[in-house]
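Enquirer: Okay, here's the structure, questions in a sec.
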Amino acid sequence: MLVTVVDENNVVVPAAQVTLTEAGGPALSRGETDHAGRRLFRDLHYGNYELRVAKEGFYEVIEKEVRVGETERAEVTLNHQREFSESVNVIYSPPAIDPAKTTSSKELTSSEIINLPYTVSRDIRYALPLLPGVLQDGGGQLHVNGSSTREIVDQLDGFNITDSGTGAFNMRVSVDAVRSINVESSRYPAEDGKGAGGLISLTTGMGDDRYRYSGTDFLPSVQSRRGIHLNTWTPRVTFSGPLRRGKAWFLLAPEGEYDVDIFRELPRGADQNSALRFGNLAKAQVNWRPSQILTGSFLTNWFDSPHARLSRFDPLETTVDLRDSAYLLAVKNQSFFPSGMLLEVGFGASQFHIHEQPRGNQTYVITPDATRGNFFESSARRAGRHQFIASLALPPLRGLGRHDVKLGTDLDQVSTDDSFSRNPFEILREDGTLARRASFTGDGAFTKDNFEAAAYVEDRWSLSDRLLIEPGVRFERDEVTRHPVLSPRLASSYMLTRGGETKLTWGVGVYYDASTLEFITRPRTGQRIDLFYDSAGQNPIGAPVITSFSVDERNVKEPRFVNWSVSVERRLPSSIYFQAEFIEKRERDGWTYVNQGPTNTGQPSGLFVFENARRDRYHSVEITARRRFKGGHILFGAYTRSAARSNAVLNFTLENPLFSRQVGGPLPWDAPNRFQSWGWMPLDWMPRMKAFDFAYSLDWRDGFPFFLVNQEQELVAPPGARRFPTYFALNLFLERRFLFLGQQWALRAGFNNITNRHNPTSVDNNVDSPRFLTFGSLEGRALTGRIRLLGRK
């Protein structure tokens, strides 16, 4: 008997758990669907069976009467779980240990993204630190299991949205449009690459045959800092439905944002920065044939902040007018063949524009405790990516078990176009005397292209219902390194108990990083000339020091990581799911710039040479437990013990006046100890609160490390010599859903950081400053509310 599983838009659902039970008996046969959403059951007795199909993120389907012998095929439609369901008879798919999952991954579903509290609920990047192993730095960028941001691949619906110039995660999408977030950090297959740090994959929704709409935060909030001011206004809307019922559907998800940040440490009238942002995701799907599905999407971002980088250490005059925009255009076609073969072909084009303009032409001055004047650099950057992807999933093959073979290719044309204009700047000592004057040479304008090609083949080899082996290999080459490389990978899972209560998973693989264009083009940004002065600040000392970067592109190698891990999952009493996992990553041939050392005159050297000398290493032990309740409510807890270190921690750039040899130590996002917990649940046990849901999130970790400099901007203590204070954030909220004017509404109120912990993200690290070790960008307790329109009852 052949069982085919599709979703409400007739898209196949792979890895769905299918169980056949003979009438009046125990489960007779179980398995998972293949890449084409099919599962074939052989050698069944004639008779009446119960068919059960489940997968997390979907409503479970149970068909009581499936007559084997009278029917050869059964097609089951799984509907995605929605935050607000019109039917009271839906059955949530219960959590289970997936025997076919070998990847070390963590997932947030749409209900968790919407219902769990986090500091910036309008930005999907701030939801990701809810997952163990994911940390966020002060700039909002993400780090997965010790990796830098540029070592991570960011995807939206299967297309790469990583900034092709810097490797940063800069693309934004409405949180209301995201169906799930999946973060893979180890044991991910050959299909996923090129990124040694991991994969962040966002999957967005699609309309169905019913018109649906929702709205969030369409009323602005206020703040009482130095009077009553507008704080944040972040309206979001989603609208979806059929273009032609049963054939074509659409989704629209526009969003806006207006923020006002006020810094009490700055004087009145010069203490505010505003930001304006707009974005929209438009998607459509057309099933133009029963076996052909075409999907297209267009994502746009636009952002403007007239006083970006404002802080207690950087007053209004030193800020820049920041404007950036981005877009993604993507098209994908899926073709299904009667044999069970599935062909996917897609094309995506993305573009990033970033422009920074100082507020004037006054000389920029760096003092031990602050800055003044106008920032010295204006810049404009355009980065783009054209991506072609194709994959072919073959019909299951038989031979010592079942083989689900998949092969594919990924071709990327990436580019960056940069221009810089710089004015001189000065560095003063604490007594006000001039320590250094810097000026710049070179036009600072250039263009760099790169073509990346990859091909892969992987096999999901099911030796039995309990043992799965997943070998794969990936071939990669680009025009920067010009050296073809192979990435062999192997993972396996074994159910230690027949009932599926305990699973052992392990894997090892070789992973290569993408070539970051910003890093390799640093020599083209120009040169800096530093002139040092005596203690009186009147007379130059020695010859000028020229800071420059050099790369011999003929000898550049791709950074290579060996990543291995092992985990144990166990279902405990009361449906508590426990997991313990160990992960280790080791890098060789990493990219870094090395200072060639002091000159014969005793002055610092400004010659920074590119070397494949970086060695990163990361290991962690992670323990998690979760309990999901009926109706989708959940409780989760995790503890992680980790270490993220490198022999090359410092990032030298032309804009950074730091002079030092390259040094090792903990990476800037190292957090050896971390405990997390979050969840939401109904308050049914309180008679007066039955209509309310309670939601919380808690995050405790060691503070990030930082290094120390003196008033000449020389390194005086290595990274890790000091750390930020221990981070602690507890967010508590109550939400009530109610019916008003025939519409379903949800009203939420509560506190972010209810303990009023400061949790700083910046620090005065200058040992000669009178404000040495003064922390900035402080958080505080915030009373926030949210109102959402969920749709018609």
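Throughout, read-outs are computed from the coordinates displayed, never taken from laboratory work. It should be emphasised that the depicted structure is a prediction, and the values quoted were computed from it without experimental measurement. All Cβ positions, glycine included, derive from the backbone under ideal geometry; neighbour counts span all protein chains shown.
Enquirer: Give me the base-10 log of I(q)/I(0) for the range 279-335 at each q in 0.22 Å⁻¹, Debye formula, one uniform scatterer per Cα, rounded to two decimals.
Expert: Each listed q corresponds, in turn, to -0.83.
Enquirer: Along its principal axes, what span do the Cα atoms of the range 88-193 show, with the longest given first and each in whole Å?
Expert: So the extents along the principal axes, rounded to whole Å, are 49, 33, 24.
Enquirer: Counting only Cα atoms, I'd like the Rg/Rh figure for the range 443-549, Kirkwood definition for Rh. Walk me through the intermediate numbers first.
Expert: Values: Rg = 26.4 Å, Rh = 19.3 Å.
Expressed as Rg/Rh, it is 1.37.
Enquirer: If you stretched the chain out fully between residue 717 and residue 443, how much longer would it get, using 0.36 nm times the residue separation minus the C-alpha to C-alpha distance? Provide the component values of the computation, followed by the final result.
Expert: Working: separation 274, 0.36 × 274 = 98.64 nm, distance 3.47 nm.
Computed gain between residue 717 and residue 443 is 95.2 nm.
Enquirer: If R₀ is 35 angstrom, what is the calculated FRET efficiency for the pair residue 726 and residue 451, using the beta carbon separation as r and rounding to 0.05?
Expert: Working: r = 46 Å, r/R0 = 1.32.
It comes out at approximately 0.15.
Enquirer: At 0.36 nm per residue, minus the direct Cα-Cα distance, what do residue 421 and residue 79 gain on full extension? Give it in nm, one decimal, please. Don't jump to the answer; show the numbers that get you there.
Expert: Values: separation 342, 0.36 × 342 = 123.12 nm, distance 5.42 nm.
In short, 117.7 nm is gained.
Enquirer: State, as an integer percentage, the relative contact order of the range 2-78 based on alpha-carbon contacts under 8 Å between residues 6 or more apart. The partial results should precede the final answer.
Expert: Values: 170 pairs, mean separation 27.6, N = 77.
In percent, rounded to a whole number, it is 36.
Enquirer: Give me the compactness ratio for the range 2-78, meaning the Cα radius of gyration over 2.2 N^0.38 Å.
Expert: Values: Rg = 11.7 Å, N = 77, 2.2 N^0.38 = 11.5 Å.
For the range 2-78, the normalised Cα radius of gyration is 1.02.
Enquirer: So, one more: By the scheme Lys and Arg +1, Asp and Glu -1, what is the net charge of all other residues having a beta-carbon under 11 Å from that of residue 143? If you can, show how the numbers build up before the last one.
Expert: Numbers: positive: 150; negative: 137, 151, 670.
So the surrounding residues net to -2.
Enquirer: Taking only C-alpha pairs under 8 Å that are 6+ residues apart, what is the relative contact order of the chain in percent?
Expert: For the chain, the relative contact order is 9 percent.
Enquirer: Among the chymotrypsin sites (Phe, Trp or Tyr not before Pro) in the range 35-68, which ones are in a DSSP loop with at most 15 other Cβ atoms within 10 Å of the Cβ? Mind listing them? Could the numbers behind the result be given before it?
Expert: Values: sites: 41, 46, 49, 58, 59; in loops: 41, 46.
When the chymotrypsin sites (Phe, Trp or Tyr not before Pro) of the range 35-68 are filtered for loop state and at most 15 Cβ neighbours within 10 Å, 46 remain.
Enquirer: Would you work out which of 186, 364, 205 lies farthest towards the positive end of the dipole of the chain, given +1 charges on the beta-carbon of Lys and Arg and -1 on that of Asp and Glu, about the Cα centre?
Expert: Of 186, 364, 205, it is 205.
Enquirer: Then there is this: By average Cβ neighbour count within 10 Å, what is the ranking of 779-785, 637-643 from highest down?
Expert: Per-residue mean Cβ counts within 10 Å order the peptides as 637-643, 779-785.
Enquirer: While we're here: At q = 0.15 Å⁻¹, what log₁₀ I(q)/I(0) does the range 504-580 have when each alpha carbon counts as one equal point scatterer in the Debye sum?
Expert: Each listed q corresponds, in turn, to -0.79.
Enquirer: Under 10 Å from the Cβ of residue 436, count the other residues' Cβ atoms, weight Lys and Arg +1, Asp and Glu -1, and hand me the total.
Expert: Value of the local net charge: -1.
Enquirer: Can you find, among 633, 760, 167, the residue farthest towards the positive end of the dipole of the chain? Put +1 on the C-beta of Lys and Arg, -1 on that of Asp and Glu.
Expert: 633
Enquirer: Further, regarding this structure: Among DSSP beta bridges lying fully in the range 2-78, give the percent that are antiparallel, nearest 5.
Expert: Details: 21 of 28 bridges.
The antiparallel proportion sits near 75 percent.
Enquirer: Sorted by packing (mean other beta-carbon atoms within 10 Å per residue), highest first, where do 608-617, 211-220, 682-691 land? Numbers along the way, then the final one.
Expert: Values: 608-617: 18.6, 211-220: 16.3, 682-691: 11.0.
Final packing ranking: 608-617, 211-220, 682-691.
Enquirer: Could I ask something else about it? Quick one: work out Rg over Rh on the C-alpha atoms of the range 374-437, Rh as Kirkwood radius. Walk me through the numbers before you get to the answer.
Expert: Working: Rg = 27.5 Å, Rh = 17.9 Å.
When Rh is taken as the Kirkwood radius, the ratio is 1.54.
Enquirer: If each residue of separation counts as 0.36 nm, what is the full-extension length gain between residue 265 and residue 743 once their alpha-carbon separation is subtracted? Please list the in-between numbers first.
Expert: Working: separation 478, 0.36 × 478 = 172.08 nm, distance 4.48 nm.
Extending this stretch completely gives an extra 167.6 nm.
Enquirer: Projecting each Cα onto the charge dipole of the range 2-78 (Lys/Arg +1, Asp/Glu -1 at the beta carbon, about the Cα centre), which of 46, 57, 36 comes out farthest on the positive side?
Expert: It is 46, whose Cα lies furthest towards the positive end.
Enquirer: Right, another one. Would you calculate, for the chain, the mean residue ellipticity at 222 nm contributed by helices, counting each DSSP H stretch of 4 or more residues as -39,500 (n - 2.57) and dividing by all residues, to the nearest 500? Provide the component values of the computation, followed by the final result.
Expert: Working: 2 runs with 10 residues, N = 793.
Roughly 0 deg cm²/dmol at 222 nm, from the helical runs in the chain.
Enquirer: Per residue, what volume in Å³ does the convex hull of the Cα atoms of the chain enclose? Each step should come with its number before you reach the end.
Expert: Working: hull volume 126.0 nm³, N = 793.
Normalising the Cα hull of the chain by residue number yields 159 Å³.
Enquirer: Given labels modelled 7 Å from the Cα in the Cβ direction, how far is it in nm from residue 613 to residue 778?
Expert: 4.2 nm
Enquirer: What's the ranking of 196-203, 747-754 by average number of surrounding C-beta atoms within 10 Å, highest first? Display every interim value, and only then the final one.
Expert: Numbers: 196-203: 23.2, 747-754: 17.2.
Highest to lowest by the protection proxy: 196-203, 747-754.
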